[in-house]
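Report on one structure; see the data block that follows.
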Amino acid sequence: MEKLLVLYSSRNGQTHKIIEAMRCEFSGYDVELVDLHTNPRKNLSKYDKVLIGASIRYGRFHDSVHNFIQHHSEQLAVADSTFFCVCLTARKPEKAVPENNAYIKKFLAQSPWRPRTIGVFAGALKYSEYNWWQTRIIQLIMKITGGSTDTSQDLEFTDWDKVSEFARKIAGRG
């Protein structure tokens, strides 16, 4: 059975939720799921495929994403590796493709790693989980970008069909 290492950075759980949805498409793989916030060290040569998924918060990936990539850059260069980003800007169709996504462009400009496959998924706006300060910052960002500033409801923008299609591609069935 082929081995798939799935690493993720999730702040409010949407990236982890996306990973869990993808796992349905990974039958036939021995999947190891690892939270990047634990600062793992892995021998990537033990895996047939490597998938990294990370969310954006205030325009940045969590430091653990960059740390893992820096520490494993040589192994990632030869691995069958995939990366995806979860961000609220991807709620707009033109920003939901890697070639048009500012976070992916910035990531690729700063990273030594060149994943074989890259995806972008819209995240969720979870006002109910933010503290007062986070709510105000996110409301400001949403106002600037034309998003919802209504704190009375959480909104999920993830395109689950797109997530499944991406996972099938990783698994070699898409």
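Under the simplified labelling scheme, the Glu32-Lys3 pair shows an inter-label distance of 0.5 nm, with each label point 7 Å from Cα along Cα→Cβ.
Ligands, DNA and RNA left out, the accessible area of the chain computed with a 1.4 Å probe is 48% carbon and sulfur. In terms of the mean number of neighbouring beta-carbon atoms within 10 Å, the peptides 43-50, 143-150 order highest first as 43-50, 143-150.
Compared with the direct C-alpha span, the chain from Lys46 to Glu74 gains 8.7 nm at full extension, assuming 0.36 nm per residue.
Close amide H pairs (under 5 Å, H built 1.01 Å from N) link Gly53 with Leu7, Tyr8, Ser9, Phe84, residues at least 5 positions away or on another chain. Spin-label model, Arg168/Trp132: points 7 Å from Cα along the beta carbon direction are separated by 4.9 nm.
Quick check: the angle from helix 160-170's long axis to the longest principal axis of the chain, C-alpha only, nearest 10 degrees? With both axes taken from Cα atoms, the answer is about 20 degrees. Sequentially through segment 45-52, phi angles give Karplus couplings (6.51, -1.76, 1.60; θ = phi - 60°) of 5, 7, 10, 7, 9, 10, 10, 10 Hz, Gly and Pro residues having no value and appearing as x. Short-range pairs are left out: with C-alpha atoms under 8 Å and at least six residues apart, the relative contact order of the chain is 22 percent. With θ taken as phi - 60° and the Karplus curve 6.51 cos²θ - 1.76 cosθ + 1.60 applied, the whole-hertz 3J(HN,Hα) list for segment 109-116 is 5, 9, 9, x, 8, 10, x, 5 Hz, x standing for glycine and proline. Of all aspartates and glutamates in the structure, those lying under 20 Å Cα to Cα from Lys143, and not within fewer than 8 positions of it along the same chain, are Glu94, Glu129, Asp154, Glu156. Heavy-atom accessible surface of the chain, averaged per residue, reaches 51 Å², computed with a 1.4 Å probe.
Between Asp161 and Cys24, the FRET efficiency estimated from the beta carbon spacing at R0 = 22 angstrom works out to 0.95.
Across segment 90-174, Cα pairs under 8 Å and at least six residues apart give a relative contact order of 28 percent.
For the chain, the longest principal axis of the C-alpha atoms and the axis of helix 14-23 are separated by about 40°. For Leu125, the residues whose amide H sits under 5 Å from its own are Leu155, Glu156, Phe157, ignoring neighbours fewer than 5 places away on the same chain, with H placed 1.01 Å from N.
Here Cα Rg over 2.2 N^0.38 Å was computed from the coordinates, and among (1) 1.40; (2) 1.02; (3) 1.30 the match is (2). Using 0.36 nm per residue and subtracting the Cα-Cα separation, the extra length available between Lys143 and Asn39 on full extension is 34.0 nm.
The values are calculated or read from the model by the stated rules, or taken from the named source; none is laboratory data. Because the structure is a prediction, the values reported are computed rather than measured. All Cβ positions, glycine included, derive from the backbone under ideal geometry; neighbour counts span all protein chains shown. Accessible surface areas use protein heavy atoms only, side chains included; no ligands, DNA or RNA. Shrake-Rupley method; radii C 1.70, N 1.55, O 1.52, S 1.80 Å.
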